[in-house]
1. Would you mind stating whether B:ILE202 is within 30 Å of B:ALA111 (Cβ to Cβ) and within 14 Å of chain A (Cβ to nearest Cβ)?
2. Taking the conditions exactly as written (more than 18 Å from A:PRO314 (Cβ to Cβ), within 14 Å of chain B (Cβ to nearest Cβ) and either open to solvent by 10 Å² or more (accessible area, probe 1.4 Å) or part of a loop (DSSP other than H, G, I, E, B) (or both)), does A:GLY241 satisfy them or not?
3. Could you list all residues from the range A:90-108 that are under 16 Å from B:SER342 (Cα atoms) and facing chain B (nearest Cβ under 7 Å)?
4. For the range A:66-88, what are the residues that are within 10 Å of another protein chain (Cβ to nearest Cβ), over 18 Å from the mean Cα position of the chain (by Cα) and open to solvent by less than 20 Å² (accessible area, probe 1.4 Å)?
5. Can you confirm whether the range B:139-148 contains a residue that is more than 11 Å from every other protein chain (Cβ to nearest Cβ) and free of Cβ contacts under 8 Å to residues at least 24 places away in the same chain?
6. Out of all the residues in the range B:330-349, is one or more hydroxyl-bearing (Ser, Thr, Tyr) and crowded, with 22+ Cβ neighbours inside 10 Å?
7. Restricting the search to the range A:167-190, which residues are open to solvent by 50 Å² or more (accessible area, probe 1.4 Å) and touching a helix residue (DSSP H, G or I) at 6+ places or on another chain (Cβ under 8 Å)?
Amino acid sequence: MDFFTNVVVATLVMGTSLTFATIGEIFTEKAGILNLGMEGMMLLGALSGFATVFYSGSLLFGILVGMFAGVFLALIHAFLSINMRASQVVSGLAVTMFGTGLANFLGYRLGPAPSFNLVGMNLPVKFNAIIVPFLSDIPVFGGLFRVSILTYFMYALIPFAWYFMYRTKYGLALRAVGENPRTAAAMGINVNKTRYIYTLIGGAFAGLGGACISLYHTPSWNENMTGGKGWIVIALVIFSGWNPAKAIIGTFVFGGIMQLQFAIQAYNGSSAFMAGLKSIPGQFFGMAPYLITFLVLAIMTVISSLQHKQFSSPSALCTSFAIDDK
Amino acid sequence: MEFSLEKREVRSKKLVFILPIISIVISMLLGAIILLACKVNPIMTYFYLVKGALGNKINLLNTIGKAIPLLLCGVGVGIAFKLKFWNIGAEGQYVWGVIGITWVMLSGKWAELTAAGTYSNASWVMLFWAWVPDSLLLPIGILVGMLMGALWAGIPAWLKAHWKVDETLSTLMLNYVVIKLAEYLYISKWKAPLGNMGTPDIPEAGFLTSFGYGGKLNTGLFMALAVVGIMYFILYKTRWGFELNMIGKNSKAARCQGVSIKRNIVIALLVSGAICGLAGAIDTAGITHKLTKGVDSGYGFTGIVIAWMAGLNPIISIFYALLMAILRTGAFSLQIKMGLNSAMGDVLQGLILIPLLATNIFVDYRLVIKHYKKKIIDKVACKEEE
């Protein structure tokens with residue numbers, strides 16, 4: 001495999017976890033719930049997925065437990081922000097604090113005796129790359145077919161998520177709830193039930209994304225191993241304009257930027273362009289996703305408002321809904 | 001039987017005081033369940049947590065010292081929240097405060113090292129403040145830190161005021177831009193000639209005076225308390241505070257009264273960012289003395305939590321800032337005394353919030369239990385009367 005094929009594969013491995021979480025967050029935000037608990041959900045998903053596989057040896061079981069951990073935290077967020085109409089910002093931050101704290105804490109309790117430490121443990125099984133014959137031999141793009149089952153699942157998920165959101169009646173109901181809950185309620189949609197469902201789905205995908213990190217991207221457990229990817233997911237949702245189909249572009253761009261940073265450090269060739277890239281400090285690669293997202297958010301909002309269109313979050317994002325409120 | 005919520009005519013003042021106490025008790029019970037599940041004695045854990053934070057003079061002083069930046073971040077964020085401007089960027093504004101003060105204070109050091117011939121990486125930017133005399137280091141450093149924090153809050157505020165750019169997301173993104181910038185500075189550009197991470201210490205002329213006794217409490221305390229007093233006065237006793245409150249409660253009414261919403265958003269956010277920047281500057285001049293790893297340890301995010309718990313009231317924020325500081329410092333002693341990871345502090349911080357968030361609605365609403373059977377009978381009775 002040449003250099004660029006390697007970068008593509010590494011980008012996809014990183015991008016898989018980001019895409020799952022991003023799709024989950026898009027569904028949650030489309031329903032009008034801002035979930036800032038992403039980081040906590042992903043980290044707890046990563047821990048519980050890793051611990052499960054460590055003891056049971058079953059990858060599928062690990063993925064499921066990781067998703068369940070995300071759902072558990074999403075349930076807290078949903079209860080607080082939907083039933084108790086709490087501030088979604090504060091509730092999300094609380095979930096992140098609780099989730100990251102719990103994951104880091106349990107990482108030192110769930111390991112094998114005598115140290116009870118999970119850091120540095122190895123998994124008995126791992127996800128192997130499934131190499132599709134012929135297709136994987138295409139230069140550079142062959143990398144798309146040298147990945148594990150999780151990434152193939154991601155390929156299938158994206159068109160499905162787009163179709164579900166824009167072409168089915170459930171998707172219509174979901175968008176109605178996020179844009180104008182009062183009208184949606186008048187149409188006979190149960191607003192709070194819809195929001196509950198999509199917040200929990202979002203949590204499940206966040207847990208899945210987290211489990212992908214600890215089982216697939218870097219098969220290990222480390223304190224704070226998601227390293228701010230939960231916040232990148234929030235950025236990706238904006239970057240993709242709340243459209244699941246565009247999420248893949250974002251994950252490629254952001255995953256690529258992060259991966260390029262490592263690839264460049266390891267590069268020893270003679271290309272002047274690569275040498276130029278190598279002179280950029282690594283922290284600026286880390287900064288890029290956030291800076292790009294900020295600029296995209298600001299520029300797109302300004303341009304759309306000049307054209308009297310809307311580039312913005314779902315109108316009812318961050319609001320609570322009660323039918324008897326006036 | 002069905003539960004429903006009915007809006008109260010007036011906010012329940014009683015519950016505002018009772019709910020936090022109930023929440024703290026509930027969160028401790030929930031924490032105890034988690035600890036028991038991990039086969040740890042919860043009573044001993046809480047005992048050492050409190051003892052580690054308040055047990056002796058040094059710990060007590062450290063806890064209060066840690067409460068200063070938390071309190072300032074809480075107060076700073078509170079002003080923005082008054083306007084319903086969700087400034088999640090306190091973390092970034094705090095980091096700018098740290099960068100600002102170290103920038104000013106290290107200029108002299110870089111010049112000294114360059115003159116001695118032991119250092120050759122100093123650019124004109126790094127030497128920009130080399131002219132500042134020792135006696136002015138502290139005031140100018142703090143001012144620059146505040147200014148940078150203010151600018152970092154001003155950008156999203158201006159974008160929000162003029163173009164309606166979503167402030168929750170923009171301030172959140174800007175946080176990580178500056179955190180990565182800080183990382184670049186302490187890992188490569190401003191790295192001390194010796195060692196592999198962190199800037200050199202700032203000169204002693206720029207230190208905030210410590211209270212001594214081996215603790216970390218410093219004269220920044222007076223600055224923080226002064227800010228609390230001033231902000232309380234502004235928010236509750238002046239015309240401007242009234243205008244801010246009006247914009248937050250009902251922006252349409254405020255506009256009809258001739259209050260400029262755009263201008264107020266920008267000014268309030270400049271003040272908010274400046275106070276968060278001040279938090280960073282005080283913590284640097286008083287405790288850490290340099291820019292290094294751990295600068296983004298979540299003071300800004302905890303500040304948001306404090307502001308919210310205190311109902312945006314600067315004086316009540318003091319209590320919650322102390323509470324959060326106790327959890328932070330106490331958690332570290334758990335590591336030594338109980339062999340528990342200090343992440344338990346984060347767990348408890350999150351846990352305190354959850355019951356508080358869940359019950360806060362009862363301040364404005366009351367729970368009404370409807371009995372269906374009775375309703376049906378009433379309806380029948382109505383029909384009979386017709």
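The values are calculated or read from the model by the stated rules, or taken from the named source; none is laboratory data. These figures come from a predicted structure and were not determined experimentally. Cβ coordinates were reconstructed from backbone atoms using ideal geometry, including for glycine residues, and neighbour counts include every protein chain displayed. Each accessible area value is taken on the protein alone, full model and side chains, heavy atoms only, with ligands, DNA and RNA left out. Shrake-Rupley method; radii C 1.70, N 1.55, O 1.52, S 1.80 Å.
1. no
2. no
3. A:MET97, A:PHE98, A:THR100, A:GLY101, A:LEU102, A:ASN104, A:PHE105, A:TYR108
4. A:LEU80, A:SER81, A:ALA86, A:GLN88
5. yes
6. No.
7. Once the filter is applied, which keeps residues that are open to solvent by 50 Å² or more (accessible area, probe 1.4 Å) and touching a helix residue (DSSP H, G or I) at 6+ places or on another chain (Cβ under 8 Å), the range A:167-190 yields A:TYR170, A:ARG175, A:THR183, A:MET187.
Residues checked against (1) of a type in the set (Gly, Ala, Ser); (2) modelled with pLDDT under 90:
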{"position": "A:GLY255", "(1), (2)": "yes, yes"}
{"position": "A:MET258", "(1), (2)": "no, yes"}
{"position": "A:GLY269", "(1), (2)": "yes, yes"}
{"position": "A:MET274", "(1), (2)": "no, yes"}
{"position": "A:SER279", "(1), (2)": "yes, yes"}
{"position": "A:GLN283", "(1), (2)": "no, yes"}
{"position": "A:LEU291", "(1), (2)": "no, no"}
{"position": "A:LEU295", "(1), (2)": "no, no"}
